[in-house]
Amino acid sequence: MITHDVVRQISYIQQALSQNRKHIGFFIGAGCPLSVRVNHREENGKPISDALIPDVAGLTGIIGTRLKSSDSEKPTAWDKVINLVQEDGGNHENIEHILTQIRLLASVAGKGSIRNLSSSELSELDEDICSVISEVVDKELPDLKTAYHNLAIWSRSIRREQPVHIFTTNYDLLLEQALEESSAPYFDGFIGTRRAFFDLGAVENEGDLPPRWSRLWKIHGSLNWKIDKANNVVRSDQSNEGQKHLIYPSHLKYDQSRKMPYLAMLDRLKEFLLRPSSILFMSGYSFGDEHINDVICRTLASNPTAHVFALLFGKLGDDKYSQARTCGLGTPNLSVLAFDNAIIGRISGEWKCSDVPFSLPEGIIVLHEEEETCELKLGDFTQFGNLLRNLTSTGDDSNG
C-alpha cells in the first residue's frame, strides 16, 4: 500500500509559511465561510450551529425559494431557466452554473427572445439573483478568533520581502473585515474612498507597492463592486439607483466593463504562479470551476518550481472532488491533501502516522490507534487558521 508521511508534509508547510522571502499566496473558496459557525444552540440534547454563509447548494436553494412561482400554471423566469438547465443536462442545483446559462442566453437573445425567454426577463432575473446573493452573503464575522483573522494576523506578523497574495472566488466581505480589524494593510485593485474606482494600471504594477501590503484579488466580483450609470466599475457601500451589482461566477463576460476586472484578477493568479518557487495554499475550493482549474494546471505545467497545496474538507474519494483528483494525478507540483488520503507528486496514497510534533495545535492530526491510521484536518479552514495562529503565537497573539 502506498502511503504519505503526514508529519513530513506538515513540516514542509510550516517551513514554507515561516519564511519571509518566498512568494506565498492563499486561495479562499466557497467552503471557507462554512467553518464560521453562528447561532449555537441545542437540539435533542446535542449542540448544533449554523454556517455563517451557506455553500453553493444552500445558496441556490434560498434563491429558488425566493424566485420560483407558487403557481405551476404561471412559471416565472426562474422556473423557465431551471427547466432549460435540466433539459440541457446542466446542474440546476448550482447557482453559478445557472447564472452562467442566463448570461449565455442573454448574449444570444440580444434585444429579442430565446427559448421562450425575452431579453428583459433574462436581465431582470440576473439582477434579482445578484440581489438575493448580496443579501444572503452580506454577513460579518462574529468575533476576532476566526480563521480569517488568523490569516490576516499571520500576513502582517513579520517583515516581508514579498507581499502575501490572497485570491478568492467569494463575494462576501469577510476577508476585508478580518484584514481591517487586524490592522493588516491590503490593496484590492481600487483607488479612492467614497466611490473607489478600479485602476487597471495599479493592478498591473502592484509590485511597486510596499510588500507589507497584502494583495486581495476577488476573482468573481464582490458585494460592494458595482457598475455605475457611466458603465464604470466602482467599489462603494452606498446604495445608489442605477448601480448594478458586479457579481459574475463564471468566465463568461458579456461586456467590457465586467470583463476587465475579471481578466485582471485571473491574470494576477497566473502571474503569481509563474513566479519562481511560488507557493499557493487553496482552502474551501472543490475544483468545480473548470476555467480556474485550467489556469492553475496550465501555469503549474509551465513553471515546475511553483507548488500548490489543495486542502480538501472530507475524503479524497468524495464525488465532488473528481476534478481535484484528475488535476492532482496529472500535475506533479499540485499536492491534493484530504482528510484520509493525499495525492503528492501524482501518487495517491493514505496518510502514514509517525511521531507528531509536540508544537502542532491539537486537532490538525487525528490519530486512530486501533486502525493504525491518521487523518490530516488542514482541509478544515478552522484548523488551517489554527496552524497559522500557532506560527505567530510567540510574536503576536492579539486575536485572543
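The values are calculated or read from the model by the stated rules, or taken from the named source; none is laboratory data. Remember, predicted model here, so these are calculated numbers, not experimental data. Every residue, glycine among them, receives a Cβ derived from its backbone with ideal geometry; neighbour counts consider all protein chains shown.
Applying the selection to region 160-204, what residues are among the polar types (S, T, N, Q), farther than 22 Å from E96 by Cβ and in contact (Cβ under 8 Å) with a residue 24 or more places away in the chain?
Q162, Q177, S182, S183 - these are the residues of region 160-204 that are among the polar types (S, T, N, Q), farther than 22 Å from E96 by Cβ and in contact (Cβ under 8 Å) with a residue 24 or more places away in the chain.
Being in the same structural domain as H307 (by TED's automatic domain parsing) and at pLDDT below 95 narrows it down to one of S354, S348, so name that one.
From the options S354, S348, the qualifying one is S354.
Can you find even one residue in region 282-305 that is among the β-branched types (V, I, T) and more than 18 Å from the chain's Cα centre (by Cα)?
Filtering region 282-305 for residues among the β-branched types (V, I, T) gives 292, 295-296, 299, 305.
Subset that is more than 18 Å from the chain's Cα centre (by Cα): 299, 305.
Yes: region 282-305 contains one or more residues that are among the β-branched types (V, I, T) and more than 18 Å from the chain's Cα centre (by Cα).
Evaluate the following for S35: is it surrounded by 11 or more Cβ atoms within 10 Å (Cβ to Cβ), modelled with pLDDT under 95, in contact with a helix residue (DSSP H, G or I) (Cβ under 7 Å, 6 or more places away or on another chain) and hydroxyl-bearing (S, T, Y)? Full working, then the answer.
Values: surrounded by 11 or more Cβ atoms within 10 Å (Cβ to Cβ): yes; modelled with pLDDT under 95: no; in contact with a helix residue (DSSP H, G or I) (Cβ under 7 Å, 6 or more places away or on another chain): yes; hydroxyl-bearing (S, T, Y): yes.
Here the answer is no, as S35 does not meet what is asked.
State all residues of region 51-67 that are surrounded by fewer than 17 Cβ atoms within 10 Å (Cβ to Cβ) and either aliphatic (A, V, I, L, M) or modelled with pLDDT of 95 or more (or both); if no residue qualifies, say none.
Across region 51-67, the qualifying residues are A51, A57, G61, I62, T65, R66.
Can you work out which of the residues in region 80-131 that are of a type in the set (S, T, Y) and under 24 Å from N170 (Cα atoms) is surrounded by the most Cβ atoms within 10 Å (Cβ to Cβ)?
Among them, the one singled out is T100.
Every residue in region 82-108 that is out of contact with any Asp or Glu (no Cβ under 9 Å at 6 or more places or on another chain) and farther than 21 Å from Y285 by Cα, please.
I82, N83, L84, V85, Q86, E87, D88, G89, L104, L105, S107, V108
Residue under question is L316, and the condition is that it be at pLDDT 85 or above and outside any loop (DSSP other than H, G, I, E, B); does it hold?
no
Report yes if some residue within region 358-367 is of a type in the set (S, T, N, Q), without any contact (Cβ under 8 Å) to a residue 40 or more places away in the chain, surrounded by fewer than 21 Cβ atoms within 10 Å (Cβ to Cβ) and under 25 Å from P276 (Cα atoms); otherwise report no.
Taking every residue of region 358-367 in turn, none turns out to be of a type in the set (S, T, N, Q), without any contact (Cβ under 8 Å) to a residue 40 or more places away in the chain, surrounded by fewer than 21 Cβ atoms within 10 Å (Cβ to Cβ) and under 25 Å from P276 (Cα atoms).
In the list I153, I227, I191, which residue meets the criterion of being assigned by TED's automatic domain parsing to the domain that holds L34, β-branched (V, I, T) and under 28 Å from R37 (Cα atoms)?
Answer to the selection: I153.
Mind checking whether some residue in region 289-307 is under 27 Å from N390 (Cα atoms) and in contact (Cβ under 8 Å) with a residue 60 or more places away in the chain?
No, region 289-307 contains no residue that is under 27 Å from N390 (Cα atoms) and in contact (Cβ under 8 Å) with a residue 60 or more places away in the chain.
Taking the options I98, I129, I153, name whichever one is part of a helix (DSSP H, G or I), in contact (Cβ under 8 Å) with a residue 40 or more places away in the chain, touching a Ser or Thr at 6+ places or on another chain (Cβ under 8 Å) and of a type in the set (A, V, I, L, M, F, W, C).
Going through I98, I129, I153 in turn, just one is part of a helix (DSSP H, G or I), in contact (Cβ under 8 Å) with a residue 40 or more places away in the chain, touching a Ser or Thr at 6+ places or on another chain (Cβ under 8 Å) and of a type in the set (A, V, I, L, M, F, W, C): I153.
With respect to S322, determine if the residue is touching a residue at least 40 places away in the same chain (Cβ under 8 Å) and assigned by TED's automatic domain parsing to the domain that holds G25. Write out each step before concluding.
On the way: touching a residue at least 40 places away in the same chain (Cβ under 8 Å): no; assigned by TED's automatic domain parsing to the domain that holds G25: yes.
Judged against the criteria, S322 is not a match.
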